[in-house]
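Working notes, beginning with the structure itself.
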Amino acid sequence: MSLPEKIPKNPVLSCQSFGRDERGYPSVLDAGEFLFLNRGSLAIAFALKHVGIAGGDEVLIPAYHCMAMVEPVLWSGAKPVFFRISESTRLDLEDAGLRLSSRSRALIAPHYFGFHQDMPEIRAFCDRHHLVLIEDCAHAFLGETGGHPVGYYGDYAIGSAWKFFPVDEGACVVSSKGRLAGASTEPMGLFSGIKSFVNTLEYAVEYRRMGWLNPVFRLAFRLKDGLWKSVKQNPPASTPPDKNENRGGHTGFDGSRVTQSISRSSRMIVSAASKSRMAKRRRENYLKLQSRLGPLPGCRPLFGSLPEGVVPHVFPLLVDNPEKVFPRLKEEGVPVIRFGEYLSLDMEKGLCRVSEDYSRRVFQFPCHQDLKSEELEWMMNRIANILESAQAQG
Ligand SMILES: Cc1ncc(COP(=O)(O)O)c(C=O)c1O
């Protein structure tokens, strides 16, 4: 049986989330005009709908993907067309070119784990073939490339706030090309907004980030859970989603929420959080993970270095023995993310060996700004022990 994660997989709210941010740090919100939305997958759907993509159209999606990238395309009525990536996770534009048809309308370009694609090259490809470029910055809310903030090259860019900030939900759609003129969103309902903030606080209490207030909040949340349990036995007509439904991965696409905005509390946290602190700490934690885990047997970091301007979402590690290692990580409560664990069944088998391999073998570990140094140490030691013992067992 797996234990709950012993340390937080996602950013956690505390006083340290804020503070003076004199220098700031470039983010996707600096790339152009933007609208806050609720989820990154909904933001992709928003962009597809806004540009008029519909049944009969085709959207190019890289073979290394998660369903949160495919579902909005299916929702729009368009057909996903998959193309290869290289071992360095660069989009294979030659392969994409071979898959074009007269119905091709758009291409989705993700910055895997925060590491930037060659955007000028992708931009030129899309211009040549009259494709709408959706720059997927779900893993790269912060960062700059070629002297521009992430998201600058796309006709639309999307960001996923909850992967970077201590919030329960939140995303954005951005356009540096003036594509959002006239677009609007709908505010989140009061109940859902309160629920989102309560979830954020509850996560912080779970990981003891509220100082002397922690026991007070814990008691209040226990009472709330007891009350909620009794309400659940006689559920009202519309039952709100379970707590923390968003945490830890994609949980289903709801097309009725495509224009729904972020909650008020998440918007405030995103605006007030110190982005330079986030960038600095994420990069520092990433480098610690790289130097501790890099030399271990039975694995290698997916990327050889951490270029300037990259603010990583996670630390991706390519593991030799995933079937042995993954259950041990779960048993010990180590937070581990597996992007692309499930590839679309519509993708032809063998289309991209690299994606199929990475889908099984790339594990991602948190490097977010709110990890305490003892938590990071604990995680690195557990991973090292597990990898070493898997190697010793052969
Ligand atoms: C590359 C990529 N794009 C888009 C999304 C969708 O973001 P969200 O989880 O905010 O819906 C995800 C989610 O994991 C993702 O990994």
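What the table below lists for this structure:
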item: At least 20 Å along the helix axis (C-alpha) and Kyte average at least 0.0, DSSP helices within the chain; result: 190-206
item: Order of GLU323, GLU388, GLU169 - criterion: other Cβ atoms within 10 Å of each residue's Cβ, fewest first; result: GLU323, GLU388, GLU169
item: Residue order, fewest to most surrounding Cβ atoms within 10 angstrom, among SER263, SER86; result: SER86, SER263
item: Cα centre as origin, Lys/Arg/Asp/Glu Cβ charges: the range 275-392 dipole, Debye; result: 380 debye
item: Counting DSSP beta bridges with both ends in the chain, the antiparallel % (nearest 5); result: 55 percent
item: Computed over the range 275-392: relative contact order in percent, which uses C-alpha pairs under 8 Å that are six or more apart; result: 38 percent
item: Rough spin-label spacing in nm, given labels placed 7 Å along Cα→Cβ, for ASN385 and SER256; result: 4.7 nm
item: In nm, spacing of pseudo-spin labels at LYS280 and VAL354 (7 Å Cα→C-beta vector); result: 3.5 nm
item: Inter-centroid distance (Cα atoms) of the range 81-118 relative to the range 1-67, Å; result: 19 Å
item: Inter-part distance where the range 258-295 and the range 302-354 are each reduced to a Cα centre, Å; result: 19 Å
item: Average Cα contact separation per residue, the chain, under 8 Å, 6 or more apart, as relative contact order %; result: 25 percent
item: Inter-label distance for LYS372 and VAL231, nm, one decimal - labels placed 7 Å from Cα along Cα-to-Cβ; result: 3.2 nm
item: Formal net charge of residues neighbouring MET380 (Cβ-Cβ distance under 14 Å; K, R +1; D, E -1); result: -1
item: Relative contact order of the range 60-121, defined on C-alpha pairs under 8 angstrom at six or more residues apart (%); result: 34 percent
item: Listed residue (GLN117, GLY24, SER86) projecting farthest to the positive dipole end of the chain, Cβ model; result: GLY24
item: Ranked list, fewest to most other Cβ atoms within 10 Å of each Cβ, for CYS367, CYS352; result: CYS352, CYS367
item: Summed residue charge, Cβ within 9 Å of SER175's Cβ, Lys/Arg positive, Asp/Glu negative; result: 0
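Bear in mind these aren't lab numbers, they're just calculated from the coordinates by the rules spelled out. All figures in this text were calculated on a predicted structure; none of them were measured in a lab. Note that each Cβ is placed from the backbone with ideal geometry, even for glycine, and that neighbours are counted across all protein chains shown.
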